[in-house]
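Values quoted throughout were computed directly from the atomic coordinates according to the rules given, and no laboratory measurement underlies them. Predicted model, so just to flag it, every value in this text is computed and none were measured. Here the Cβ positions follow ideal geometry from the backbone for every residue, glycine too, while neighbour counts run over all protein chains shown.
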Amino acid sequence: MMSPIRQPFDQLAALDKTIHEPARLAILTALSACRSAQFRYLLAVTGLTPGNLSMHLTKLEQKGLIEIEKGFAGKYPMTSVHLTDTGRGAIARHWQQLRDLEAAARHLKTSKIPT
């Protein structure tokens with residue numbers, strides 16, 4: 001049986017590490033607010049370098065959380081990224097897990113901890 005004191009911390013350990021990594025969490029959160037985003041926009045929002053952003057996007061694409069579309073706007077290359085249905089559900093669940101964890105921690109703060 002799980003201790004009520006340890007339970008929130010066990011929940012923290014159970015978070016999806018692919019999503020919880022700060023750069024990927026920022027990318028997925030930004031994408032959850034729109035239908036799609038351009039690579040340059042994600043660079044600006046996350047503060048990542050182009051190579052680092054590409055690496056994180058590749059990992060998210062491999063997990064089926066995003067789709068990447070490459071094309072051209074006139075003569076200029078353009079990369080567009082959007083969440084898949086799986087990705088949209090995963091980021092929503094992740095933020096709910098964090099809210100639940102925060103609520104559990106607040107509850108612990110007000111409860112008596114046995115000594």
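Compared with the dominant Cα axis of the chain, that is its longest principal axis, helix 85-110 is turned about 30°.
When peptides 49-59, 96-106 are ranked by their average number of other Cβ atoms within 10 Å per residue, the highest-first order is 49-59, 96-106. With everything on Cα atoms, drop me the angle between helix 22-32 and the longest principal axis of the chain, reported from 0 to 90° to the nearest 10. The angle comes out near 70 degrees. Projected onto its three principal axes, the C-alpha set of the chain covers 68, 25, 21 Å, listed from the longest axis down. The relative contact order of the chain, computed from alpha carbon pairs under 8 Å that lie at least 6 residues apart in sequence, is 31 percent. The C-alpha atoms of the chain define a longest principal axis, and helix 50-62 lies at about 70 degrees to it. Out of every Cα pair in the range 24-68, what percent are spaced more than 14 Å from each other? Every Cα pair in the range 24-68 considered, those over 14 Å come to 40 percent.
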